[in-house]
Amino acid sequence: MNQVVVLCVDGSETSIGAAATGLARLGPADRTIVATVVDGGDPTLVTGVSGMAGGAMSPEELDDLNDVRLSGGQEVVRAAVGALGLDHVDTHVAVGDPGTEIAVLANEVGATVIVVGSRGLGGVKRAFLGSVSDHLVRHASCPVLVVRDEVED
């Protein structure tokens, strides 16, 4: 069976550390994908359905903003690949909700495991702030390795 590992990064040192720890625990994979998710622009800023009389930006301005965000996401995955010293990996930048988009990616590529970091939020903070790792554990179609930021290798 081919092992397909999806490493989730967000540009933080914590996410790079989690990816490194995950790789060390799992060993070599047949395919490794370094992935990040960027926030998509709010379409209500264009349409004005947010209660404003009209849109706050044009569709072209929203596209430009999303292009900048995608470029930033590409830089995040490039930096992660460099920091992890990986060769022959795929990268992926998605737009939207991180938990949902990573779960969709994992399903599409037939991932055998997702590696994601966790800041170790308590139940109350997680309820208000959400948790990508919590979402993935509940909704991913494959096992999820959650690496706490306190873990040292």
When you check Val81 against the structure, is it at pLDDT below 95 and either part of a helix (DSSP H, G or I) or among the polar types (S, T, N, Q) (or both), yes or no? no
Tell me which strands (runs of 3 or more DSSP E) are completely within the range 90-153 and hold 2 or more residues being in contact with a Cys (Cβ under 7 Å, 6 or more places away or on another chain), modelled with pLDDT of 95 or more and aliphatic (A, V, I, L, M), or say none if there are none. 113-118
Residue check, Ser71 of a type in the set (Ser, Thr, Tyr), in a helix (DSSP H, G or I) and either over 12 Å from the mean Cα position of the chain (by Cα) or at pLDDT below 90 (or both): yes
Of all residues in the range 14-41, which are assigned to a strand (DSSP E or B) and surrounded by 20 or more Cβ atoms within 10 Å (Cβ to Cβ)? Thr32, Ile33, Val34, Ala35, Thr36, Val37, Val38
Looking at (1) modelled with pLDDT of 75 or more; (2) at negative phi, which is the one condition that is false for Val49? (1)
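The values are calculated or read from the model by the stated rules, or taken from the named source; none is laboratory data. Given the structure is predicted, the values throughout are model-derived calculations rather than measurements. Every residue, glycine among them, receives a Cβ derived from its backbone with ideal geometry; neighbour counts consider all protein chains shown.
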